[in-house]
Amino acid sequence: MYVNRHYHIWSTIRWSKKPLINAFFYSLAIIVLYEITDIPFSLPWQPISVIGIAVAFYLGFKNNSSYDRAWEARKIWGAIINDSRSIAIGVLSLPKSDVSFEWKKEFVYRHIAWVLALKHAMRKMKSWEHGAKVENLVFTPYYREEGLKGVFPELEKYLTSDQIDNLKTYTNIPFHLLKTQSLELKKLEESGGITEYKHVWLQQLISKLMDSQGMSERIKNFPFPRQYASTGLFINYIFCALIPFGLLDIFTQSSMLHYWLTVPFSTIIIWIFFLVDRIGDYSENPFEGAYNDVPISSITRVIEIDLLEMLEEKDIPEPYPVENGFLM
């Protein structure tokens, strides 16, 4: 997630340079053809502007829906932070006479493993995402290293080798970690190490964590409906293809403006429309690790630090730094 105050204008241009360059050469080709042939193939601007209004409404709907997905994802992971702290405090506050510190530590460690496993599950690429290869993310070396290593090296600090080998047999690793947490609490309650009220409360927290995992999986595994994304792109192409013809009609009728001004004005208008479309396109999938996605690596590290400090551990990792304005 980009966290500096503003994007630099040149960063925005570099990010969207392809539609900008294509718009320039397309507009230039139209005017060169007009210059050579002198055929009056301009179009009246009024019907083109009506199409532009429809495209603007459609892009507004698409961007608003994409933002809703991104904001919902951030709220889900905010709830995971709160519930993680709550469940750790609830376990660590159990009486020493009834529950050993080793059991509490193992429980908290398993919860950290769950958060780490969920982070990696959310970062698996889907066919509808932009598919940037992890090894190419040189601007975020911490995220690049994390993605290349995979989930299990991170779990080795908190789980035994037998536990990790057992997890490798499952498809949904975070789910099975939560299942184990629930079963361990049930065993503790049956042995009299925890009151029924505290057991129910902790199980409810696990249920909330399960809900948060399910909501994250829903956003990750269900794309923004392709018919909306595709139709928006198609009508944007149609509108932008007509822009030079409409501006040519305007500039050829003016005694003060020359028709060659069609090139810069068409380029700017086409670039703006494709830039807006691109913003919405990159906001649809808030877990793929792009510049404006939810920084789940940093959120996970916050949870990891908080819980280890609760255990009064000495070996506590540092928060992820901001790299090139990017919080991963």
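The values are calculated or read from the model by the stated rules, or taken from the named source; none is laboratory data. The structure displayed is predicted, hence computed values, not measured ones. As a convention, Cβ positions derive from the backbone with ideal geometry for all residues, glycine included, and neighbour counts pool all protein chains shown. We work out accessible area using only protein heavy atoms, side chains counted, and drop any ligands, DNA or RNA first. Shrake-Rupley method; radii C 1.70, N 1.55, O 1.52, S 1.80 Å.
Remarks
- Rounded to the nearest 10 Å², the accessible area of E309 at probe 1.4 Å: 110 Å²
- Ignoring aspartates and glutamates fewer than eight residues from K105 along the same chain, the ones with Cα atoms less than 12 angstrom from its Cα are E309, E312, E313.
- Cα long-axis angle, helix 296-310 against the chain (0 to 90 degrees, to the nearest 10): 20 degrees
- A straight Cα-to-Cα reach below 16 Å connects K198 with the lysines K96, K104, K186, K187, K208, residues fewer than 8 places away in its own chain not being considered.
- Degrees, to the nearest 10: 173-190 long Cα axis against longest axis of the chain: 30 degrees
- Where the alpha-carbon atoms of the chain are placed on the principal axes, they occupy 93, 35, 33 Å, in descending order.
- For region 139-230, a crude dipole built from +1 on the beta carbon of Lys and Arg and -1 on the beta carbon of Asp and Glu, taken about the Cα centre, is about 380 debye to the nearest 20.
- A Förster distance of 35 Å, applied to the separation of the beta-carbon atoms of F265 and N82, puts the FRET efficiency at 0.10.
- Calculated P(r) of region 98-232 - Cα pairs past 17 Å, %: 67 percent
- Within straight-line cross-link reach of K17, lysines at Cα separation under 21 Å, skipping those fewer than 8 residues along the same chain: K133
- Here H6 and E196 are evaluated by their C-beta separation; at R0 = 51 Å the FRET efficiency comes out at 0.40.
- Rounded to the nearest 20, the size of the Cβ-charge dipole of the chain about its Cα centre is 340 debye, with Lys and Arg at +1 and Asp and Glu at -1.
- Highest average packing first - 48-55, 112-119, Cβ atoms within 10 Å: 112-119, 48-55
- When the P(r) of region 1-65 is calculated, the portion above 17 Å amounts to 70% of the C-alpha pairs.
- The distance linking region 272-316 with region 20-81 is 28 Å (Cα centroid to Cα centroid, whole angstrom).
- Mean projection of the Cα convex hull over all viewing directions, computed for region 175-328: 15.1 nm².
- Angle between the chain longest axis and helix 17-37 axis [Cα atoms, degrees, rounded to 10]: 10 degrees
- For region 1-101, the dipole from Cβ point charges (+1 on Lys and Arg, -1 on Asp and Glu) about the Cα centre works out to 420 debye, to the nearest 20.
- The L33 and R226 beta-carbon pair, evaluated with R₀ = 22 Å, returns a calculated FRET efficiency of approximately 0.05.
- Y67 paired with D315, simple spin-label distance in nm, labels 7 Å along Cα-to-beta-carbon: 4.5 nm
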